[in-house]
Amino acid sequence: MFRSLRKLSCIAALTLPTPVWAQSSVGLRVEASDIAVILPADAEPAASILAKDAPTPARPLFEASWYDALRRAYENTAVGNALDAENSFADWRLVAFRVVPCAPLGHSLAVDADTLCWPETRLVWQPVQKDFYINGHINDYFADDRAAHALYDVDAASVLSPADAQEANALLAKARAWANGQAPALDSTSLQRFVTLRNDVARRHLQAALDMRDPSVAPSAYTTLGARPEYPNDASRVDTIARAFRARMVSFLSKFAPTERVKELTSFSLPEGRQPPLLDEWVFLQFEGRAGRLVQRDIELRSSVDGRLLFNFGKSSVGSQRRDDPNLHTAIDAGQLPDADTQEIENAVMLFAADKTRLAATVSDRRRTLVPNTTCASCHKMNDDPFDFHNLSFLDDRPMAVTPRVKRDVELDLAWARKQL
């Protein structure tokens, strides 16, 4: 059933700092594999979540209309019709997801991200084909060089009483506006109440993550950032453990990542050809969620100082191992940007391959660079292999990429929960 279980589960394991406070009813503590859930690429359908499935009574976790939106958007880029040529909707599956205790609400480092934040769930979808023939041999699995990341705020109404949920949502809207300079600061009483309700939501979010564990698996198996232990190397135990885990995943995601509440979806893809070193160009897209629909929006680069707009890439941005988006280079070279903005960009964006050595530690740490403060390509070129642009997903038949940015995020998430909850 799992022909390459040991190979697939053996990503570079990362043992993280002391686990956070968060006790379940059976005394378990939140660990790395509770908040960064990595699934094997070769899991059988009965133990996987496929995009084409509808595991929830009302709607699937990945809408066919979302796939159509991706296809249409990529047709206007260098990717063209690669999604149709190399994949189909049936190939897409969930390969990983993140349980984020408190995601920053603001766009700049001037905002206290430990206070102005909200629990979030992030799903990673990718096309994976089984028994795939390429380069003269058959691979147990092959993941094409593209993915989609869907983000969801945890719905207060899913874990709080109606009255508390209404209050939490009102305070969240005010906190988000404050974090982005669109409204005055919350008064001390309102801020304290926001933190209380937010922590309650975060605690219940993490508790639900803990409840996905299999009771037959030792707690120590969850301490490293690697494939979930519910997909064991012992194939004789896969049916009972992995399939039961899938059912718990569906229950968790149906509650914390319902289709109609998608907040944002981002995607990247290599053009047709399956030759990253030769093509060396990845296209990035961004969508806003509106009542379960995806609406494409511009990709923006914002200041880490005050959140102001530094550069607008338009409907897509392009990056390569060698250089960042040509339009950004043109604007800088032509002197179209203020000197201060250019300086800030040069301190947060890997404009050239050589910048990786200088900026890797900065871009990998959200305490120094938030996602809006750097470019898509900069965030995705952190692997040792410069042609592997995956942060938490698969490339070809390789083990899953887990970049320094993801590892650092998990460390900070665990530290936040330990301090706040």
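Some values worked out for this structure:
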quantity: Hits in the range 137-165 (condition: among the hydrophobic types (A, V, I, L, M, F, W, C) and either open to solvent by 40 Å² or more (accessible area, probe 1.4 Å) or under 23 Å from the mean Cα position of the chain (by Cα) (or both)); calculated: Ile138, Phe142, Ala143, Ala147, Ala148, Ala150, Leu151, Val154, Ala156, Ala157, Val159, Ala163
quantity: Residue check, Val100 within 30 Å of Leu172 (Cα to Cα) and either open to solvent by less than 30 Å² (accessible area, probe 1.4 Å) or at pLDDT below 95 (or both); calculated: yes
quantity: Qualifying residue in the range 116-127 (condition: modelled with pLDDT of 95 or more, in a loop (DSSP other than H, G, I, E, B) and not charged (D, E, K, R)); calculated: yes
quantity: Subset of the range 280-312 (residues that are more than 17 Å from the chain's Cα centre (by Cα) and of a type in the set (Asp, Glu)); calculated: Asp280, Glu281, Asp298, Glu300, Asp306
quantity: Test: Ala244 is touching a residue at least 40 places away in the same chain (Cβ under 8 Å), farther than 30 Å from Leu70 by Cα and in a helix (DSSP H, G or I); calculated: no
quantity: Any hit, the range 381-391, residues being in contact (Cβ under 8 Å) with a residue 24 or more places away in the chain, open to solvent by 50 Å² or more (accessible area, probe 1.4 Å) and either under 13 Å from Ile35 (Cα atoms) or touching a strand residue (DSSP E or B) at 6+ places or on another chain (Cβ under 6 Å) (or both); calculated: no
quantity: Complete set of residues in the range 352-378 that are closer than 20 Å to Pro277 by Cβ and not polar (S, T, N, Q); calculated: Phe352, Ala353, Ala354, Asp355, Lys356, Cys376, Ala377
quantity: Residues located in the range 151-173, provided they are in a loop (DSSP other than H, G, I, E, B) and within 17 Å of Leu105 (Cβ to Cβ); calculated: Val154, Asp155
quantity: Asp34 over 25 Å from Asp396 (Cα atoms) and either under 21 Å from the mean Cα position of the chain (by Cα) or in a helix (DSSP H, G or I) (or both); calculated: yes
quantity: Matching residues in the range 65-119 - criterion: being free of Cβ contacts under 8 Å to residues at least 12 places away in the same chain and acidic (Asp, Glu); calculated: Asp68, Glu75, Asp112
quantity: Count of the range 48-90 residues which are at pLDDT below 90, more than 29 Å from Glu281 (Cα to Cα) and under 22 Å from the mean Cα position of the chain (by Cα); calculated: 6
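So that you can scan it fast, the table gives a plain yes or no per residue for (1) surrounded by 19 or more Cβ atoms within 10 Å (Cβ to Cβ); (2) acidic (Asp, Glu):
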{"residue": "Arg122", "(1), (2)": "yes, no"}
{"residue": "Asn135", "(1), (2)": "no, no"}
{"residue": "Glu167", "(1), (2)": "no, yes"}
{"residue": "Ala170", "(1), (2)": "no, no"}
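The values are calculated or read from the model by the stated rules, or taken from the named source; none is laboratory data. What you are looking at is a predicted structure, and each value in this text was computed from that prediction instead of being measured. Heads up, the Cβs are rebuilt from the backbone with ideal geometry, glycines too, and the neighbour counts pull from every protein chain shown. Quick note on the areas: whole protein, heavy atoms, side chains included, nothing else; ligands and nucleic acids left out. Shrake-Rupley method; radii C 1.70, N 1.55, O 1.52, S 1.80 Å.
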